[in-house]
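Everything below concerns the one structure shown next.
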Amino acid sequence: MSIPYTPPTMNASSFNCPHCGAYALQRWAILYLPNGQLMGNLRYVQCDHCGKYTLWHFGKMMFPNSGNAPMPNTDMPEEIISDYEEARSILSSSPRGAAALLRLGIQKLCKYLGEPGKDINTDIKSLVAKGLPQRVQQALDIVRVIGNEAVHPGQIDLTDDVETATTLFSLINLIVEDMITRPKEVESIFSNLPPDKLKGIKIRDGK
């Protein structure tokens, strides 16, 4: 499932921790030199849930490098999570590299959903024919178009920035939510119906 996400923001009292992902109280502090002087514009904040720190400079989170990237959907396939987490780890230092990894993850996700995974436009067309929800189709088309007109998944586009990469993080989670999490939840609820009701449904459907 997707984890509700409030991105880290300078001086915010609570947000989703970039280390543990929990929405938790954040305790801010100012860094001082041994002589008592302020240490530039450096501040640090400790997560009340995991106890780990993030470091900020001039209002920008410097550590960890995951920036404002949300945690991955818990139903995301393992082979895609590895790309997603690597993209999170370099978002601040290399947003272009993060965006390239996320497009590669989208390519793998299309393959996971039963498509060849070679051309995202062809994959989208096939998924639409199979009943792909409109908002997921739109999300995939956004991934395909944003900064990607002349670039293959996994390659770097020099126009990509942190905002573009952050959008891709949200979109890949949305796609997993609609195409994997929701069907899984419906199947789980359906399978827990009383046996006599399930039998009646099978008879009705001629199974």
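The values are calculated or read from the model by the stated rules, or taken from the named source; none is laboratory data. Please read these numbers as outputs of a predicted model, since none were measured by experiment. FYI the Cβ positions are ideal-geometry reconstructions off the backbone, even for glycines, and counts take in every protein chain you see. When the accessible area is computed, the model is the full protein with side chains, heavy atoms only, and any ligands, DNA or RNA have been set aside. Shrake-Rupley method; radii C 1.70, N 1.55, O 1.52, S 1.80 Å.
So the values come out like this:
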| item | result |
| --- | --- |
| Filter result for the condition that a residue is aromatic (Phe, Trp, Tyr) and surrounded by 21 or more Cβ atoms within 10 Å (Cβ to Cβ), over 84, 23 | 84 |
| Members of segment 126-140 that are open to solvent by less than 60 Å² (accessible area, probe 1.4 Å) and under 20 Å from residue 76 (Cβ atoms) | 127, 132, 133, 136, 137, 139, 140 |
| Residues (surrounded by fewer than 21 Cβ atoms within 10 Å (Cβ to Cβ) and not charged (D, E, K, R)) located in segment 96-110 | 97, 104 |
| Failed item in (1) assigned to a loop (DSSP other than H, G, I, E, B); (2) in contact (Cβ under 8 Å) with a residue 40 or more places away in the chain, with residue 11 passing the rest | (2) |
| Residue match in segment 53-65 (condition: at pLDDT below 90, over 20 Å from residue 162 (Cβ atoms) and outside any loop (DSSP other than H, G, I, E, B)) | yes |
| Considering residues of segment 49-64 that are open to solvent by 90 Å² or more (accessible area, probe 1.4 Å) and among the aromatic types (Phe, Trp, Tyr) only, the residue farthest from residue 22 (Cα to Cα) | 58 |
| Scope segment 72-97; condition closer than 19 Å to residue 19 by Cβ and in a loop (DSSP other than H, G, I, E, B); matching residues | 72, 73, 74, 76, 91, 92, 93 |
| Output for segment 111-125, where each listed residue is buried (at least 19 other Cβ atoms within 10 Å of the Cβ) and outside any loop (DSSP other than H, G, I, E, B) | 120, 123, 124 |
| Qualifying residue in segment 30-48 (condition: closer than 26 Å to residue 113 by Cβ and either in contact with a helix residue (DSSP H, G or I) (Cβ under 9 Å, 6 or more places away or on another chain) or open to solvent by less than 70 Å² (accessible area, probe 1.4 Å) (or both)) | no |
